[in-house]
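Report on one structure; see the data block that follows.
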Amino acid sequence: MFAPYLEALHRKKPMIHAISNYVTANDCANLLLACGASPIMADDPGESAEITALCQGLAVNIGTLHQHTVPAMIASGRVANAKGIPAVLDPVGAGASRLRTATALQLLREVHFDVIRGNLSEIRTLALGSGATHGVDADPGDAVTGETLAAAVAFVKGFAARTGAVVAVTGGIDLVADGSTAYCMYNGHPMMGRVTGTGCQLTCLTAAFAAANPGDLTGAAAAAVCAMGLCGELAHRRLGPQDGNASYRNYIIDAVYHLTPEQLEEGARYEVR
């Protein structure tokens, strides 16, 4: 059922304003180009809102947070809300510092985000107002496993209902939920955790899918998560004896570039709860 979402993305080629971070901005831009979207980056308060108004989607990432960029994030988010542009939040490292946590919570208060994407530790921090992460990685105790899946689904559905956002939680098992429906997804490869920025890239990919499919944001986010995980699998199959995480990063972007709706339809592994 995910093929139509990718077909719409390839057909519409939306422009995405990505307020990214300087660690992963280049990979995010290339990932957006690979999926058929058009990236533009602007994080100065003097132009960020104007840039957002030109676009069909917005991705906000707090991975390398600076206080002067926060007004740009808020201004862009408000324009997105006013114009009906899907907005995606990636609260990278929320819980790791007071500034990150406070900023993520401020963004949720002042902007309606259509999709919130993070690991479970980051999402717990947003839901509870405080938390802990291992830097920008999830706390090991927050791993979603077969044993913890039912509780995680209930928690994510509850947070989605409270915020009015689609919530995407990525990890060993990926979850995408609104207040009533949750997709549990099993695509991906553990080596994706050895590449800096796969989560940031997924946030941008999610914004692209949402921009191309604004009438079904839950399905669009689920399709994006499945697509990224599947591309991680396809990229891993290309690795040779001398390839490492740098090659793997490039192969993931290549896999997104070549991914067809038919491949996504056949390769997506998920259940609905």
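Quick notes
- Within region 139-167, the set of residues being open to solvent by less than 20 Å² (accessible area, probe 1.4 Å) and out of contact with any Ser or Thr (no Cβ under 6 Å at 6 or more places or on another chain) comprises VAL144, LEU149, ALA152, VAL153, VAL156, PHE159, ALA160, ALA165, VAL167.
- The residue that is surrounded by the most Cβ atoms within 10 Å (Cβ to Cβ), counting only those in region 203-217 that are assigned to a loop (DSSP other than H, G, I, E, B) and touching a helix residue (DSSP H, G or I) at 6+ places or on another chain (Cβ under 9 Å), is ASN213.
- Search result, residues across region 168-202 that are within 25 Å of GLN56 (Cα to Cα) and either within 14 Å of the chain's Cα centre (by Cα) or open to solvent by less than 10 Å² (accessible area, probe 1.4 Å) (or both): ALA168, VAL169, THR170, LEU175, VAL176, ALA177, GLY197, THR198, GLY199, CYS200, GLN201, LEU202
- When ASP243, ASP254 are checked against the criterion of being open to solvent by 10 Å² or more (accessible area, probe 1.4 Å) and either aliphatic (A, V, I, L, M) or outside any helix (DSSP H, G or I) (or both), ASP243 stands alone in meeting it.
- Cβ-Cβ distances below 7 Å connect the following pairs, each with a first residue in region 203-222 that is under 9 Å from PRO86 (Cβ atoms), a second residue that is open to solvent by 20 Å² or more (accessible area, probe 1.4 Å) and of a type in the set (D, E, K, R), and a separation of six or more residues or different chains: ALA210/ASP114; LEU217/ASP114.
- The condition of being within 14 Å of ASP90 (Cβ to Cβ) and among the acidic types (Asp, Glu) holds for only one of ASP27, ASP44, that being ASP27.
- Of the residues making up region 223-273, those that are farther than 19 Å from ALA3 by Cβ and in contact (Cβ under 8 Å) with a residue 60 or more places away in the chain are ARG249, ILE252, ILE253, ASP254, ARG273.
- Residue count for region 179-202 satisfying the condition of being assigned to a helix (DSSP H, G or I) and in contact (Cβ under 8 Å) with a residue 60 or more places away in the chain: 5.
- Residues of region 19-51 that are over 24 Å from THR260 (Cα atoms), among the small types (Gly, Ala, Ser) and touching a strand residue (DSSP E or B) at 6+ places or on another chain (Cβ under 9 Å): SER20, ALA25, ALA42, SER48.
- Residue ranges of helices (runs of 4 or more DSSP H) in region 1-111 with at least 1 members open to solvent by 40 Å² or more (accessible area, probe 1.4 Å) and small (Gly, Ala, Ser): 48-53, 70-83, 98-110
The values are calculated or read from the model by the stated rules, or taken from the named source; none is laboratory data. As the structure is a computational prediction, the values presented were derived from the model and not from experiment. Note: ideal-geometry Cβ built from the backbone for every residue, glycine included; neighbour counts use all protein chains shown. All accessible areas refer to the heavy atoms of the entire protein, side chains included, with ligands and DNA or RNA removed. Shrake-Rupley method; radii C 1.70, N 1.55, O 1.52, S 1.80 Å.
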